[in-house]
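Just so you know, all these numbers are worked out from the coordinates, no wet-lab data involved. What you see is a predicted model, and the numbers here were worked out from it, not measured in a lab. FYI the Cβ positions are ideal-geometry reconstructions off the backbone, even for glycines, and counts take in every protein chain you see.
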Amino acid sequence: MTELRLDRGDTGLLLLALLAQREMYGYELLAELRRQTDAVVDLPEGTLYPALRRLERQGLIAGRWQAVDNAPRRRYYRLTPSGERALVDGRAAWRRWVAATDGILDR
Amino acid sequence: MIPEEPVAARLRAHVDAILSAAHLPAADRDDVREELYAHLVDAWASGVQGGLSTDEAAARAVRDFGEPRRLGRQLTGAFHSRLWASTIGVLLPARAEPETRPAIVTAISALLLVLIGLVALVSVALGVTQPPVHALAVVVSAVFTITGVRLARAGLLRQQSWGVGAALVALTAMVVEGMATWVSSGGHTISLSGIAATLVLLGTWARWAELRKWTTGSFKGPPRPQVLGVCALVLSSWVVTPIVLGAPDPTQPSPDDLHLEATLRCGPGTFDGADVQQLGVVVDWDWERTSVLAGGIANLPIAGATYVDGLFLAAFDDPLVSNAWVLIHNQIPFDVETGSEAGWQGSGPPAQEALPSSWPQGGIDYAIDWFTPQPHHHYRASWTFISQPNTESPTPWPDATVRYQHVNQWSVEATVSCGKALSGR
């Protein structure tokens, strides 16, 4: 099982969560990330692709090319079964992390 | 919405800059290129639809995408293990196009190629003329050096300051070796590669600012152990080869494996009816061990220089055989138990340069077959001399020095006087 590094703010978990909603391509992922976090999470755009490729090489997501009218073709990503399990584990781990840190920060 | 030129070219150039700083598997490179370009086009189209001019939209798309070198490194890390990405991946981003290289970089690079060729040639030459362990060590250290020089050259061509540093270490080693060759030959041998390296180093000094500019974009603070490792690889041949060749090869016999006994027999004799003085040199020896490998005492396909085989020499402290003493008989090396021959007589007095400088002129010699000797067999060789028959006064008995020279590796030497046997090991 691939371990997501929550302590360093790894964007992998967020990307997995977004891709659990639907298949998306890179630019769309960034736009959704901004929209769904009210622009609180705003990645430097180029850093998205190393993150996507890393998740793909870990087998958590899979990409496919799709032709687009009047634009370069796009690479769409979807969650794999391993990615779904990683998302479940990562979400639980994140909630434990937040609960633990809240326990300190709220005192 | 697809951008037209020159906007498209500007977006493509940004993608190229990112990829030139990344080290990606060839199979993925075009995919990544296409994906990043598609993103920039989307970002540009979004800007245009938001009311920006095409140029402004392109500028914003490029700016928001991020700094190429940083993204290149991140992409490298995404495709390779952390260890790989932090070492070779950091050290070796894509190389610069040849037409952008300063002449001094091209000169250094060319000389490094020459160095690689020279190291390979020397290692082959030494590899086939040395005993097995020596040969192996020489070849392995040459492989290390070639690897180091190739890494240094790769770093140089990829505008890395560590590459320039490692390349200069290699050139400096060439200069030092050239000077050592010149000095050791008494000024008779000039190393062309050493001269070329000197000229290029001088050129480097003169064009240092150009080189600094060349490495402006170099990764800051590459891992020091790796850089030192590259320099160590570069120097390995220069350091290892002399050390290895100066040490005994464990597959070969050592002086401890040879039991040698020399005897000088002095007394009256007759020759052609005349009373003469007779002088006999007898050398007996046996080997505790000939070689750990099959095939005799010195598993060498070719010998290094003066001696082709093991060699026995005898010389006298008197001005010599040709004057006061005449050689009347010699028994070439033979196996005492079986009577079979184990060597041959030298084709004349050994060349003076083959003898120790302290030896008198006119020694005589036997070579021994390197493939013949067997451990614990008893071998013998002898020479018999008489004094010149027409000499009226007694000729002083000389001392004899007997020397066994093992190829070019080691020797055993003993001086023996009349009637006194001397053992040497």
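Based on other C-beta atoms within 10 Å, arrange A:V40, B:V32 from fewest to most. List each step's numbers first, then the result.
Working: A:V40 8, B:V32 22.
Taking fewest neighbouring Cβ atoms as first place, the list is A:V40, B:V32.
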Notebook entry, point to check: Which whole number gives the average, over all residues in B:31-40, of C-beta atoms from other chains lying within 10 Å of the residue C-beta?
Noted result: 6
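Gain in length, B:V140 to B:T216, computed as 0.36 nm per residue apart minus the alpha-carbon separation, to one decimal in nm? Write down the numbers at each step before the final one.
Values: separation 76, 0.36 × 76 = 27.36 nm, distance 3.51 nm.
So the chain would gain 23.9 nm between B:V140 and B:T216.
Taking K and R as +1 and D and E as -1, what net charge do the other residues with C-beta under 11 Å from the C-beta of B:P375 add up to? Let's see the in-between values first.
Working: positive: B:R289; negative: B:D257, B:D286, B:E288.
Result for the neighbourhood of B:P375: -2.
Starting with the fewest neighbours, write out B:C231, B:C418 ranked by other beta-carbon atoms found within 10 Å of each beta-carbon.
Details: B:C231 19, B:C418 14.
Ascending number of Cβ neighbours within 10 Å: B:C418, B:C231.
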Checklist line | Point-to-point label distance, A:R35-A:W65, nm (Cα→Cβ direction, 7 Å offset) | finding: 2.7
Next item on the list: Would you mind getting me the FRET efficiency between B:Q388 and B:V336? Use the beta-carbon distance for r and R0 = 22 Å, nearest 0.05.
Entry: 0.10
Check: With r defined as the distance between the Cβ atoms of B:E5 and B:R70 and R0 fixed at 35 Å, what FRET efficiency is calculated, to the nearest 0.05?
Finding: 0.80
Notebook entry, point to check: Once you charge only the Cβ atoms, +1 for Lys and Arg and -1 for Asp and Glu, what is the size of the charge dipole of chain A about its Cα centre, to the nearest 20 debye?
Noted result: 320
Notebook entry, point to check: How do B:R101, B:R70 rank when sorted from fewest to most other Cβ atoms within 10 Å of their own Cβ?
Noted result: B:R70, B:R101
Notebook entry, point to check: So which residue, out of A:A86, A:A39, A:A67, gets the largest mean-square fluctuation from a GNM of chain A using Cα contacts under 10 Å as springs?
Noted result: A:A67
